[in-house]
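S.K.: Once you've had a glance at the structure underneath, I'll fire off some questions.
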Amino acid sequence: MRVTGTKIEEAYAFARERYAENGVDTERVLSQLDAVPISIHCWQGDDVLGFESEDASLTGGIQATGSYPGRARNVSELRSDLELALSLIPGAKRLNLHAIYLESDVPVERDKIEPKHFQGWVDWAKAHRLGLDFNPTCFSHPNSAQNLTLSHPDNAIRKFWIDHCIASRRVSEYLGEQLNSSSIMNIWVPDGYKDTPAERLEPRKRLISSLDAVLSAMEGKHHKVAVEGKLFGIGAESCTVGSNEFYMAYAATRKTLLCLDAGHFHPTENVADKISTCLCFLDEILLHVSRPVRWDSDHVVLFDDPTIAIAQEIVRSDGLNRVNVGLDFFDASINRIAAWVIGTRNFRKALLFAMLEPRDDLKKAECRFDYTARLALMEEAKSLPWTAVWEYYCNTKNVPAGSEWLHSVRRYEADVSSRRS
Ligand code: RNT
Ligand code: ZN
């Protein structure tokens with residue numbers, strides 16, 4: 001049964017007092033929280049296939065596994081699915097597109113994409129008050145068959161991908177300008193080798209010169225370029241040309257953003273710990289919040305310790321204005337709209353949880369080397385009534401406070417998505 005609004009308000013009044021006793025102003029936190037945009041990735045809706053052609057298949061060492069019915073097969077289905085998801089998620093949102101989500105009556109080569117192919121998305125984003133982010137799609141294409149793109153030894157193939165990235169920058173610039181909100185264009189390439197390469201230096205040098213050509217092609221007034229490193233992919237187990245160290249140095253020397261994808265590191269690495277280092281050397285970073293399970297599996301984001309740690313590091317570093325939050329997961333084994341709702345709500349919850357931390361008291365304890373108090377306060381903060389604040393926040397945003405959002409998804413599934421073949 002649904003909890004009534006009055007009960008939620010009563011619980012919130014109590015929670016607000018408890019937080020005030022801990023030096024935290026919940027009203028201030030909620031207005032800040034609501035303004036932090038989360039960029040929702042469009043590709044959870046259709047298993048990263050896009051709308052270039054009907055027989056697309058996903059390559060590049062990434063996989064959407066599962067065969068749950070209801071995949072969006074075209075742009076109107078994807079938008080309709082997104083509209084439902086957006087209505088169940090509180091707070092500021094953006095949409096993250098890939099080049100393969102273009103709209104055109106005739107086939108368009110990747111190096112020939114233009115802003116007009118994304119006009120439909122711009123109009124839709126305006127109607128839904130969303131900013132748009134963008135990605136060149138350097139995979140799932142005959143020219144990426146060797147799992148090499150911007151670092152390919154063949155000049156013509158390398159030029160094709162450079163031109164695709166430049167064309168993508170023009171699109172991203174248009175999106176940012178039209179929506180009056182800077183668009184982030186993130187470059188991820190799958191380039192790597194299944195087995196030990198004879199040389200690692202030359203491919204890396206080629207990647208640098210390709211990226212430099214992409215960066216020098218135009219000025220970015222309404223878009224920013226990010227680069228995303230990775231540890232390994234399926235078929236690139238022995239060497240990934242664009243490793244994290246590679247892009248960290250690239251981003252710092254070229255002044256681009258660095259994208260940290262939570263699934264792109266060794267399983268025991270602490271991704272959250274990298275955020276403060278990045279903020280020492282880079283103006284801004286991009287996150288791909290994701291969940292690796294044993295490998296870069298892109299499971300739906302949970303409200304779990306690694307996710308909370310990421311949110312805490314953003315907040316504790318005063319990084320809300322410099323850390324751009326994007327999501328990156330694709331699960332085809334469950335209802336895809338529910339996947340968006342669960343993952344995005346979870347990251348918003350993690351942000352709230354982090355923002356409600358009694359920061360002043362923690363910092364004071366640390367300054368006087370009172371690590372006993374620091375630990376005690378951190379642990380007690382975990383059981384402060386943050387869920388009452390969450391439910392109240394959802395209620396004020398006209399979004400379901402708890403799992404009753406699932407009814408809307410189930411109704412839509414019965415009426416719409418399960419009827420798709
Ligand atoms: C792949 C990267 C990349 C993609 C998306 C589709 O490992 O994480 O960000 O998942 O661009
Ligand atoms: Zn990613």
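S.K.: Cβ contacts < 7 Å: first residue within 20 Å of Ala338 (Cβ to Cβ) and more than 13 Å from ligand 2 (Cβ to nearest atom), restricted to the range 278-303; second residue open to solvent by less than 40 Å² (accessible area, probe 1.4 Å) and assigned to a helix (DSSP H, G or I), any location; separation 6+ or different chain. Result?
M.R.: Val300/Ala339; Val300/Gly343; Leu302/Asn346; Phe303/Asn346; Phe303/Ala350
S.K.: In addition: List, please: which pairs have Cβ atoms under 6 Å, are six or more places apart or on different chains, and start with a residue in the range 255-266 that is hydroxyl-bearing (Ser, Thr, Tyr) and end with one that is more than 12 Å from ligand 1 (Cβ to nearest atom) and open to solvent by 10 Å² or more (accessible area, probe 1.4 Å)?
M.R.: As it stands, the answer is Thr256/Val225, since those pairs meet every condition given.
Residue by residue, here is whether (1) over 30 Å from Asp81 (Cα atoms); (2) open to solvent by 20 Å² or more (accessible area, probe 1.4 Å); (3) at pLDDT below 95 holds:
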site	(1), (2), (3)
Val325	no, no, no
Ala338	no, no, no
Val341	no, no, no
Arg368	yes, yes, no
Ala388	no, no, no
Tyr392	no, yes, no
Pro400	no, yes, no
Leu406	no, yes, no
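S.K.: While we're here: If a residue must be more than 18 Å from the chain's Cα centre (by Cα), buried (at least 18 other Cβ atoms within 10 Å of the Cβ) and under 24 Å from Trp43 (Cβ atoms), how many such residues does the range 248-289 contain?
M.R.: Summing the residues that are more than 18 Å from the chain's Cα centre (by Cα), buried (at least 18 other Cβ atoms within 10 Å of the Cβ) and under 24 Å from Trp43 (Cβ atoms) in the range 248-289 gives 1.
S.K.: Let me spell it out: the conditions are (1) within 16 Å of ligand 2 (Cβ to nearest atom); (2) crowded, with 20+ Cβ neighbours inside 10 Å; (3) closer than 16 Å to Val323 by Cβ, and Ile308 meets all of them except one. Which number is the exception?
M.R.: (1)
S.K.: Spot the failing condition for Leu384; the list is (1) away from ligand 1 (no atom under 16 Å from the Cβ); (2) open to solvent by less than 50 Å² (accessible area, probe 1.4 Å); (3) over 18 Å from Ala35 (Cβ atoms); (4) part of a helix (DSSP H, G or I), and only one is missed.
M.R.: Going through the list (1) away from ligand 1 (no atom under 16 Å from the Cβ); (2) open to solvent by less than 50 Å² (accessible area, probe 1.4 Å); (3) over 18 Å from Ala35 (Cβ atoms); (4) part of a helix (DSSP H, G or I), Leu384 breaks only (4).
S.K.: Among the numbered conditions (1) under 28 Å from Pro203 (Cα atoms); (2) surrounded by fewer than 23 Cβ atoms within 10 Å (Cβ to Cβ); (3) within 14 Å of ligand 1 (Cβ to nearest atom), tell me where Val300 comes up short.
M.R.: Failing condition for Val300: (1).
S.K.: Shifting gears a bit: Of the numbered conditions (1) part of a loop (DSSP other than H, G, I, E, B); (2) at negative phi; (3) modelled with pLDDT of 95 or more, Glu27 fails exactly one; give the number of that condition.
M.R.: Single failed check for Glu27: (1).
S.K.: Let me ask another. Could you list, ordered by first residue, the pairs with Cβ atoms under 8 Å in which the first is in the range 80-92 and over 15 Å from Tyr412 (Cβ atoms) and in contact (Cβ under 8 Å) with a residue 60 or more places away in the chain and the second is of a type in the set (Ser, Thr, Tyr) and open to solvent by less than 10 Å² (accessible area, probe 1.4 Å), at least 6 apart or interchain?
M.R.: Close Cβ pairs (under 8 Å, with a partner that is of a type in the set (Ser, Thr, Tyr) and open to solvent by less than 10 Å² (accessible area, probe 1.4 Å)) amount to Pro90/Tyr393.
The values are calculated or read from the model by the stated rules, or taken from the named source; none is laboratory data. All figures in this text were calculated on a predicted structure; none of them were measured in a lab. Heads up, the Cβs are rebuilt from the backbone with ideal geometry, glycines too, and the neighbour counts pull from every protein chain shown. SASA here: full protein model, heavy atoms, side chains in, ligands and nucleic acids out. Shrake-Rupley method; radii C 1.70, N 1.55, O 1.52, S 1.80 Å.
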